[in-house]
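Trainee: One structure, pasted below without further comment.
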Amino acid sequence: MAKRKLTSLRSVLLRYLLLCGGGCALILVLWWGVLMQLIDVGFLLPAVASAQACADARETVASMTADTFDSLQISDLCRWAVVQNDTVLQTNMNDRHLKIALNAFHGGSGNLVLMQYQYDVKMADGSFCLLQYDYALPYADPALRDTLPDFQTCYILLLAVLILAWLGWQTHCTVRVFAAETARLNAAVDAIAARQLEQIDTDGVRIREFAATLQALQTMGRELTDSLQSQWRMEQQRAEQIAALAHDLKTPLTVIQGNADLLAEDALSADQQTQVEAILRGTERARHYLAALRTAGAAPAVQTSLASHALTERLAQTARALCAPAGIQFILQEEWQGTIRAAENDLLRAAENLLDNAVAHTPRGGTVTLTVAKENNSFILRVTDTGPGFTGRGRCSTQMPRAATVPIRGWDCILHAGPLQPMAVPCGYPTHPAAAPSFACPFVNKLRNYKKMTKPLDIR
């Protein structure tokens, strides 16, 4: 296909200015030519004809008196009025022209309108004849002068209409060109938004700058499509990897569960039986996690009504199973019982991560406390431990109680850490948790911000 010839935006604007200016000049020349032709054919009289007629009338009326005044000796191109002692004896003027003539007679020519002139001729008996004319193009036919409006005024108005019409038409044509180019840009943006790059039209573009913009949009659209396709492929690969990992973990979990079942059938002590049951519960929880991995990216878990006491007992069993091997004392403080509405598996997973984190950072002989409470119509799970806090360099000290939490966005419940002691942390961490939106520990959730993102549970 042959390469299209494009026009620059500057050329379009320059063409518009040249057409407007040139067209107006041409209209003016034609207008003047027609005017001169009307004078040549005798349809109009030249502007000096009225002035010459009044000049001739001045000599004629100077020898007349008010009684001997003869209007037939004065050209009809002149307007006249005979005045004696401020009394108008005769006139061919209308009321408007007579008023102007008398004002000019008493006050000078400054009272005359544009292109209007007047002679005040003193007659033989001391009376005055006021001769008035317009420096304009009168009709040659007296009948036309009496019936038609002033030709010069109408002809000037015609010139203005022609010029405005030409400017309006050129502006309309130029605006139409820009509107067409802009419509193509808008269509390209809509096509990109709809991911329909084949609908981007670059063939009908006339202006170089708009063509460059369309090409840039087309390139951006292709890159966006490629990026989305690449992202989709990565998501697919990740989903496949997660599914493969979940499938591979099923076998060792099955082995662990099978051996634990075999151990449970033997004669075990009470402590051994408790440990085996903890293994079986942990295996079951791991199976739930694998199921969650296989459904990653699916719709959010369904919320159901849960008894807080049953939930607390399950967490307490998990906590005891975690604390016993580590030589850590577990304390349960159940300050409230009722019904909540939440996604059970997600809630248990986050709470167990909270407990696991506390056990991992609490030395042997320490204490981990799980508190269940209701505060401000919110269900609170608070985990507190006696593990080390942080020094001024962000490292653990040995005397500081600390707490941890694991954030899960989108929950209706609130999980947070227990009270922390003030810490002197000059390395960019907040010095007091009560005055800061987040805690110093790297694994501690932005408590206050997280609470703002949640809403109270439906507590009954």
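Trainee: What is the spin-label model distance, in nm, from Trp336 to Thr7 if the labels are put 7 Å beyond Cα along the C-beta direction?
Mentor: Distance between label points: 7.5 nm.
Trainee: So if we plug the beta-carbon distance of Glu59 and Ala212 into 1/(1 + (r/R0)^6) with R0 = 56 Å, what FRET efficiency do we get, rounded to 0.05?
Mentor: It comes out at approximately 0.10.
Trainee: Using only the Cα atoms of region 48-136, each taken as one equal point scatterer with no solvent, compute I(q) by the Debye sum, divide by I(0), and report log10 of the ratio at q = 0.15, 0.21 Å⁻¹.
Mentor: For the requested q values the scattering log ratios are -0.48, -0.97.
Trainee: How high is the FRET efficiency between Val88 and Asp67 when r is their beta carbon distance and R₀ equals 22 Å, given to the nearest 0.05?
Mentor: 0.90
Trainee: Rank these for me by crowding, Cys20, Cys154, Cys129, Cys323, going from fewest to most other beta carbons within 10 Å.
Mentor: Fewest-to-most Cβ neighbours within 10 Å comes out as Cys154, Cys20, Cys323, Cys129.
Trainee: Rank the residues Ser227, Ser75 as a footprinting-exposure proxy: fewest other Cβ atoms within 10 Å of their Cβ go first.
Mentor: Listing Ser227, Ser75 from fewest to most nearby Cβ atoms yields Ser227, Ser75.
Trainee: How would you rank Glu284, Glu344, going from fewest to most other Cβ atoms within 10 Å of each one's own Cβ?
Mentor: Placing the least packed residue first, the sequence is Glu284, Glu344.
Trainee: Another question, then. Shape verdict for region 190-275, please, from the Cα gyration tensor: rounded (a/c under 1.5), prolate (a/b greater than b/c) or oblate.
Mentor: prolate
Trainee: Hey, rough spin-label estimate for Met36 and Gln237, points 7 angstrom out along Cα→Cβ, what's it come to in nanometres?
Mentor: Roughly 8.4 nm, to one decimal.
Coordinate-derived values only; no laboratory data. Everything numeric in this text was worked out from a predicted model, so none of it was measured. FYI the Cβ positions are ideal-geometry reconstructions off the backbone, even for glycines, and counts take in every protein chain you see.
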